[in-house]
Amino acid sequence: MAPRVSIVTLNWRGVEDTLGCLESLRDLAYPNFFVLVVDNGSGDDSVVRIADRYPEVDLVETGANLGFAGGCNIGIRRALEQGADYVWLLNSDTWVHPEALGALVECAERDPRLGAVGSVIRDQGDPEHVLAWGGGWIDLRFGRPSHALSPVAGRDLDYLTGASLLLRARALEEVGLLDEQFFLYWEETDLCFRLRESGWRLGVAEDSRVWHRGPGATLRRLRQKDRHFNHSAVRFLFRYAPHPWIATLTGGALRFGKRLLRGEFGRARAVARGLASGLRARRS
């Protein structure tokens, strides 16, 4: 019998994206999966609309915005309690190919030491454009991540992107779930580092195709992204970088300077505020 897979999707005030994602999951060819949507305290009509259109979905309400890690962990725990062999973390603003899940599981089953397997992430607006070939690398000297954009073996990657991430239940039970101190960003990177440190390997299923909504957000959302990204970067780099102060300040300065050169002064301030709040949190 095919391994049992729980698909965990987190919704936060993005019900239209979530409904589109769930529609694509109905076409999956894989024979043994169930879908679990975690509503992360949206406070709107998301729960009613999802339940009305997809009554077969297991819908969990957190009652508050717990962040990406906190919300996903609610779903992961429930999936493990229900006997999942694998948990597929899938961003709500994605569409999946009918063979996407089967390719992930096939890759994982070929090597029992693969703790996590990623997909090839493409742009919804330009379906042939690769946004990430599974994941990417972290330059721990300068605090900078970069996605792989062409074929690469999972063993050569530092992390897999959380937009589509198949996790082996046994690996999660060994190394733990997502670190909820990362409210948003860097949490899947931290998990991949912990998996690798414990002897698990990363894989990329090149036939697992997932389309992600490309960049596009309000200025307010972009500033929020900059703040959360840089706040979380501090926690990650002080955990893993050999010279964390250099990596944190260099990476932050590069992101700050990039926004200044573009005339994005509000986003530059958001970078600085994120770094400052991350450093304060580290001392508390």
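Figures for the structure shown
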quantity	calculated
Length-normalised contact order of region 77-225 in % [C-alpha pairs under 8 Å, at least 6 apart]	37 percent
Over region 1-48 - Rg/Rh using Cα atoms and the Kirkwood inverse-distance radius	1.04
Rg/Rh ratio calculated on Cα atoms of region 5-212 (Kirkwood radius)	0.94
Among Thr94, Ala276, Leu157 - extreme Cα towards positive end, dipole of the chain, charges at beta-carbon	Ala276
Share, in percent, of DSSP beta bridges within the chain that are antiparallel, nearest 5	50 percent
Loop-located trypsin sites (Lys or Arg not before Pro) in region 9-115, at most 13 other Cβ atoms within 10 Å (DSSP)	Arg26, Arg113
Charged-residue dipole, Cβ positions (Lys, Arg, Asp, Glu), the chain about Cα centre, Debye nearest 20	1740 debye
GNM top mover of Ala153, Ala100, Ala79 - the chain, alpha-carbon springs below 10 Å	Ala153
Globularity ratio of region 61-151, using Cα Rg and 2.2 N^0.38 Å	1.27
Shape box of region 143-284 [Cα atoms, principal axes, largest first, Å]	43, 36, 22
Segment Arg110-Glu56, extension gain: residue separation times 0.36 nm, minus the distance between their alpha carbons	16.4 nm
Förster radius 41 Å - calculated FRET efficiency between Asn32 and Phe265 (Cβ-Cβ, nearest 0.05)	0.20
Cα lying deepest toward the dipole's positive end in the chain, options Leu254, Ile138, Phe182, charges on Cβ	Leu254
Relative contact order of region 219-283, defined on C-alpha pairs under 8 angstrom at six or more residues apart (%)	49 percent
Expected 222 nm ellipticity per residue - DSSP helices of 4 or more, -39500 (n - 2.57), all of the chain, to 500	-14000 deg cm²/dmol
Gain upon complete extension [His129, Arg13; 0.36 nm per residue less C-alpha separation]	39.1 nm
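Only the coordinates and a few stated rules stand behind these numbers; no lab work does. These numbers come from a predicted model, not from an experiment. Glycine gets a Cβ as well: all are built from the backbone with ideal geometry, and neighbour counts include every protein chain shown.
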